[in-house]
Amino acid sequence: MGPQGVGKGTQAAKLAEHFGIPTISTGDIFRFNIKNKTELGLEALKYIDKGELVPDELTNKIVEDRLAKDDVKNGWILDGYPRNASQVVALDAMLERLGTPLDAVVALDADHDVLMERMKKRAEIEGRSDDTPEAIAKRLETYAKETAPLLDTYKQRGLLREIDGVGEIDAIQANIVKALEA
């Protein structure tokens with residue numbers, strides 16, 4: 001977990017490789033569907049282009065469907081989910097139905113200016129339609145309001161591992177692995 005631009009996707013991919021498990025990125029699933037102009041993608045694009053989040057009902061369905069696949073039996077990494085209290089409740093119910101525990105929650109953090117600069121660079125490199133300055137500001141505001149409070153939920157459950165998201169990518173990964181293996 002963490003605000004947009006903190007490196008969740010980068011670290012999730014590195015951790016997936018390290019542990020030999022898949023990453024489940026709601027953003028990647030939506031971008032795949034947008035690129036391929038599927039019904040889901042076109043519906044999601046209506047929200048994403050305005051800097052809004054895709055509605056919970058749609059997001060919850062794709063996450064549960066993905067968590068039910070065979071390749072996640074030995075573990076998985078969620079990237080970008082849950083992002084609000086409603087999704088925490090939905091995830092808890094999914095995991096109970098699937099008989100899959102949640103072992104840890106990694107929270108990456110970085111200064112607001114660092115996040116803005118990273119996303120500006122990402123927009124230039126990747127040409128993502130959802131990385132306009134206005135959309136970025138709106139997503140960071142939504143994160144602070146809706147997602148950041150979830151960290152307390154996971155902290156109370158003893159699952160939270162807080163990691164500084166600034167520095168060399170490999171050093172950040174090493175800190176995450178160390179926290180997960182502790």
Phe30: passes all of (1) more than 25 Å from Lys155 (Cα to Cα); (2) free of Cβ contacts under 8 Å to residues at least 24 places away in the same chain but (2)
Looking only at the range 152-175, count how many residues are hydrophobic (A, V, I, L, M, F, W, C), touching a Leu at 6+ places or on another chain (Cβ under 8 Å) and more than 13 Å from Leu15 (Cβ to Cβ).
2
So which residues in the range 1-32 are outside any helix (DSSP H, G or I) and not polar (S, T, N, Q)?
Met1, Gly2, Pro3, Gly5, Val6, Gly7, Gly20, Ile21, Pro22, Ile24
Criterion (in contact with a strand residue (DSSP E or B) (Cβ under 9 Å, 6 or more places away or on another chain) and at positive phi) met by exactly one of Gly80, Gly99, Gly127, Gly167
Gly80
Flagged in the range 124-182 as among the aromatic types (Phe, Trp, Tyr) and modelled with pLDDT of 95 or more, in numbering order, are Tyr154
Could you please let me know if Asp92 is under 19 Å from Ala135 (Cβ atoms) and of a type outside the set (A, V, I, L, M)?
no
For the range 33-62, name all the residues that are of a type in the set (Phe, Trp, Tyr) and not in a helix (DSSP H, G or I).
none
Exactly one of (1) closer than 28 Å to Gly20 by Cα; (2) among the acidic types (Asp, Glu); (3) part of a helix (DSSP H, G or I) is unmet by Glu162. Its number?
(3)
Here is a list: Asp103, Asp65. Which entry is outside any helix (DSSP H, G or I) and exposed (fewer than 14 other Cβ atoms within 10 Å of the Cβ)?
Asp103
Flagged in the range 106-145 as part of a helix (DSSP H, G or I) and of a type in the set (Asp, Glu), in numbering order, are Asp113, Glu117, Glu124, Glu126, Glu134, Glu141
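The values are calculated or read from the model by the stated rules, or taken from the named source; none is laboratory data. A quick note: this is a predicted structure, and the numbers were derived from the prediction, not measured. Positions of Cβ are backbone-derived with ideal geometry, glycine not excepted, and every protein chain shown enters the neighbour counts.
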